[in-house]
Amino acid sequence: MEGTQSSSREHQAIREVVESWAAAVRRKDFEAILKNHSSDIVMFDVPPPIQSKGIEAYKTTWDLFFSCSGDSVIFDINTMTIFADKEIAFVIALMHCTEPGPGGERKGLDFRLTIGLQKIDDQWTIVHEHHSVPASE
């Protein structure tokens with residue numbers, strides 16, 4: 001896609017949506033996590049349920065995540081690539097977070113993230129998230 005000033009502004013707006021979402025996760029701020037999401041979001045996640053439909057089901061997945069995450073949450077974007085046109089965009093990212101291990105110790109988890117966005121009422125809105133981890137032997 002061409003690197004026009006307009007597309008540069010769109011990419012920056014999308015980056016801000018994703019970065020503010022990740023920062024909200026680190027703060028455990030439900031209102032900010034949900035802020036830029038569609039009411040009918042569809043999310044594919046690593047732990048069950050593997051598919052959540054709608055904002056209430058999406059919020060429930062974060063209840064589970066935070067119940068297992070301890071006091072502090074590491075939820076970092078390592079790399080992010082944005083593809084966008086005027087109304088549809090997607091983001092691919094490599095992420096790092098911590099997860100509880102057996103016995104309560106915390107271990108790092110690297111995962112992949114794909115986010116689909118749609119421009120609704122001149123605002124980039126997350127309509128799809130897909131979290132995945134590499135298959136292991």
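Each reported figure results from applying straightforward, stated rules to the coordinates on display, with no laboratory input. Just so you know, these numbers come straight off a predicted model, no measurement behind them. Positions of Cβ are backbone-derived with ideal geometry, glycine not excepted, and every protein chain shown enters the neighbour counts.
Quick one: helix 5-27 against the long Cα principal axis of the chain, what's the angle to the nearest 10°, folded into 0 to 90? On a 0 to 90 degree scale, this one is about 20.
Remark on segment 23-137: Rg and Dmax equal 14.4, 49 Å (Cα only).
Computed per residue of the chain from DSSP H runs no shorter than four, each worth -39500 (n - 2.57), the mean residue ellipticity at 222 nm is -10000 deg cm²/dmol. Working from label points 7 Å from Cα in the Cα-to-Cβ sense, the Lys107 to Arg9 distance is 4.8 nm. Among Ser67, Ser38, Ser20, which one moves the most in a GNM of the chain with springs linking Cα atoms closer than 10 Å? Looking only at Ser67, Ser38, Ser20, the biggest GNM fluctuation is shown by Ser67. Close amide-amide hydrogen proximity is noted between His37 and Ile126, each under 5 Å apart and 5 or more residues distant or on a separate chain (H modeled in the peptide plane; Pro and chain starts excluded).
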